[in-house]
Each structure stands twice: as structure tokens, then as C-alpha cells.
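Notes follow the structure.
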Amino acid sequence: MDDLIVEIEKAAHLEPKSVEQQFLKLMEEVGEAAQAYLSAENVSGNSYKKLNIDNTKEELVDILLVTYAVLVKLDISHAELIKLLKQKTNKWLEKQNN
């Protein structure tokens, strides 16, 4: 997994898009994930796209990659990322228990 993180970070550093452009790319990817899921669920007006859950998963991974690329461009450290992930996960779990 560490080698994969290094590769993702390398790609993020090589990405010519600015942070602002990456945010727009993120919104595009979110829309594509939503379209894929709606098509997979045969929601009215979306089934013609013939997308399935595997397409949805692929688009969700794109969201993760673009999100991580933005974080890399914002100079997040591994320690800061772990801290924030733990903090946000704990907050999420607390809300689930209420």
C-alpha cells in the first residue's frame, strides 16, 4: 500500500491543474459517480447509460484520487492526514451513537 501512496503522490505533484481546477475536477467526478449510481439503480431517465455498480465504484475511486491530489497540493503531511481522518471518523461515529 505504501508504494501505491507514493505513486499517487507522485501523480498529484505532476498534475498541472491548480487547486481551483482540481476542485472543479472533483465536482465533475462526483457528478459522474452520481450518474453511474443512478444508472445502475435504473432510476428514471438514467438507465439508457447502461452503467453498473462497478462503474460507480470506479467513479468513487476517481473521487478519492482527486481528493487526495488536492490534499497533496495543499501540502498535507501523512501525520496531519491521519490525525484528521481519526478526528473526523470519531466525530462520525459519535453522531451514529446518538
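The values are calculated or read from the model by the stated rules, or taken from the named source; none is laboratory data. What you see is a predicted model; the values in this text were computed from it and never measured. All Cβ positions, even for glycine, are placed from backbone atoms using ideal geometry, and neighbour counts span all protein chains on display.
Restricting to the stretch 38-71, and then to whatever is part of a loop (DSSP other than H, G, I, E, B) and not hydrophobic (A, V, I, L, M, F, W, C), can you tell me which residue is nearest to residue 7 (Cα to Cα)?
Out of the qualifying residues, it is 52.
Yes or no: the stretch 15-27 includes at least one residue that is modelled with pLDDT of 95 or more, surrounded by fewer than 13 Cβ atoms within 10 Å (Cβ to Cβ), in contact with a helix residue (DSSP H, G or I) (Cβ under 9 Å, 6 or more places away or on another chain) and not in a helix (DSSP H, G or I).
Yes.
If you scan the stretch 72-97, which residues turn out to be part of a helix (DSSP H, G or I), among the hydrophobic types (A, V, I, L, M, F, W, C) and touching a residue at least 40 places away in the same chain (Cβ under 8 Å)?
72
Report yes if residue 35 is among the polar types (S, T, N, Q), in contact (Cβ under 8 Å) with a residue 40 or more places away in the chain and part of a helix (DSSP H, G or I), otherwise no. Working first, answer last.
Working: among the polar types (S, T, N, Q): yes; in contact (Cβ under 8 Å) with a residue 40 or more places away in the chain: no; part of a helix (DSSP H, G or I): yes.
In short, no.
Is there a residue in the stretch 35-55 that is under 11 Å from the mean Cα position of the chain (by Cα) and surrounded by 13 or more Cβ atoms within 10 Å (Cβ to Cβ)?
no
Given the condition modelled with pLDDT of 95 or more, farther than 25 Å from residue 21 by Cβ, surrounded by 10 or more Cβ atoms within 10 Å (Cβ to Cβ) and of a type in the set (A, V, I, L, M), answer yes or no: does some residue in the stretch 61-74 qualify? Before the answer, list the steps.
Taking the stretch 61-74 as the starting set, the residues that turn out to be modelled with pLDDT of 95 or more are 61-74.
So of that shortlist, the ones also farther than 25 Å from residue 21 by Cβ come out as none.
Checking the stretch 61-74: not a single residue is modelled with pLDDT of 95 or more, farther than 25 Å from residue 21 by Cβ, surrounded by 10 or more Cβ atoms within 10 Å (Cβ to Cβ) and of a type in the set (A, V, I, L, M).
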